[in-house]
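Report on the following structure.
Just so it is clear, none of the values below were taken in a lab; they were calculated from the coordinates. Just so it is clear, the structure is predicted and the values come from calculations on it, not from any experiment. Cβ coordinates were reconstructed from backbone atoms using ideal geometry, including for glycine residues, and neighbour counts include every protein chain displayed.
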Amino acid sequence: MKVLNFGSLNLDYVYDVPHFVRAGETLASTRLSTFCGGKGLNQSIAFARAGAQTVHAGNVGKEGGMLLDALREAGVQTSLVSVHDDVASGHAIIQNNADGENCILLYGGANMCVSEEQIDRVLADFGKGDLLMLQNEINCLPAIVSRAHERGMTVVLNPSPFNERIYELDMACVDYLIVNETEGEAISGKSEPDAIIETLLSTYPDMHVVLTLGKNGACYADKDSRAFHPILPAAVVDTTAAGDTFTGYFFCELMQGSTPYEALRMASAASSLAVSRKGASVSIPCREDVCAMLSTYTDKE
Ligand code: ATP
Ligand code: RIB
């Protein structure tokens with residue numbers, strides 16, 4: 001089973017700030033760091049560090065060399081990433097405040113250059129048994145979802161960042177949906193975690209749902225089973241890519257035959273380590289570090 005992640009690649013410009021800039025305010029940042037990010041790239045690196053054979057598909061501009069290098073260094077295959085000389089790479093301007101919280105301004109750039117021809121070329125080598133990972137930072141998602149479903153791939157959607165384009169997708173073609181509470185509410189119309197899950201499963205009975213709850217942990221549900229795992233406490237430095245780390249580790253574990261509870265446990269440990277480190281993809285831990293953390297953790301199942 002291979003993982004194909006058709007997703008974004010961003011240069012992240014991270015500004016340390018005492019508080020998020022307010023309307024009309026000019027605020028001096030105390031530090032600028034440049035990292036490789038994008039929900040797509042982060043999730044590919046999380047899958048690879050978790051141990052999955054991972055192929056990334058997407059688009060970068062001519063200054064996107066460091067994004068490709070970061071994927072390759074993590075062991076992700078990049079032959080399906082196209083380089084465009086006439087478009088800027090996607091980027092994100094991230095403010096990181098003293099509590100480790102962030103707010104993010106995105107510029108899609110090359111991430112929005114997905115073409116119909118590219119979709120067919122990318123999907124050609126994948127089929128039944130392969131997993132397709134998607135986020136909402138590239139264009140043409142509806143066509144990618146329906147064509148991957150037709151090919152028999154397992155479609156996993158992380159509809160993040162959420163916007164109205166998600167309503168254009170045929171959710172019946174989505175096998176696994178991984179959402180935080182905001183995204184879960186936008187799709188289900190419900191705000192309580194149990195109600196989000198019940199509504200999603202009654203609308204899409206064959207769907208498998210993962211709902212992440214920030215500091216309150218994460219849960220999994222399908223028509224036959226439920227599982228929950230709390231967070232593993234961490235000294236929070238920067239929460240950027242906590243959700244991406246969780247996603248890669250959770251689905252890698254599940255693909256390798258773990259139960260949903262075991263996958264939640266592994267993903268919770270991985271994302272706990274990620275929030276204790278600065279940056280997006282650089283904060284994603286390797287499998288050895290996650291296993292070492294879990295070896296000192298007492299399970300409360
Ligand atoms: P982000 O957009 O910040 O990457 P998200 O909104 O997609 O994250 P969250 O639900 O905030 O997703 O976090 C994903 C998972 O990360 C949580 O389910 C939890 O396991 C872990 N996590 C989040 N915050 C913390 C924290 N403060 N300490 C430890 N683990 C955390
Ligand atoms: O999920 C974190 C990511 O969101 C950052 O790396 C940034 O590029 C934005 O896409």
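Evaluate the range 246-257: report whether one residue or more is in contact (Cβ under 8 Å) with a residue 40 or more places away in the chain, near ligand 1 (Cβ under 9 Å from one of its atoms) and in contact with a Phe, Trp or Tyr (Cβ under 9 Å, 6 or more places away or on another chain).
Within the range 246-257 (the criterion being in contact (Cβ under 8 Å) with a residue 40 or more places away in the chain, near ligand 1 (Cβ under 9 Å from one of its atoms) and in contact with a Phe, Trp or Tyr (Cβ under 9 Å, 6 or more places away or on another chain)), the answer is yes, since at least one residue qualifies.
Residues that are under 19 Å from Val174 (Cβ atoms): list the strands (runs of 3 or more DSSP E) wholly contained in the range 198-274 that include at least 3 such residues. It would help to see each step written out before you state the result.
Details: elements: 208-212, 218-221, 226-229.
Those strands (runs of 3 or more DSSP E) span 208-212, 218-221.
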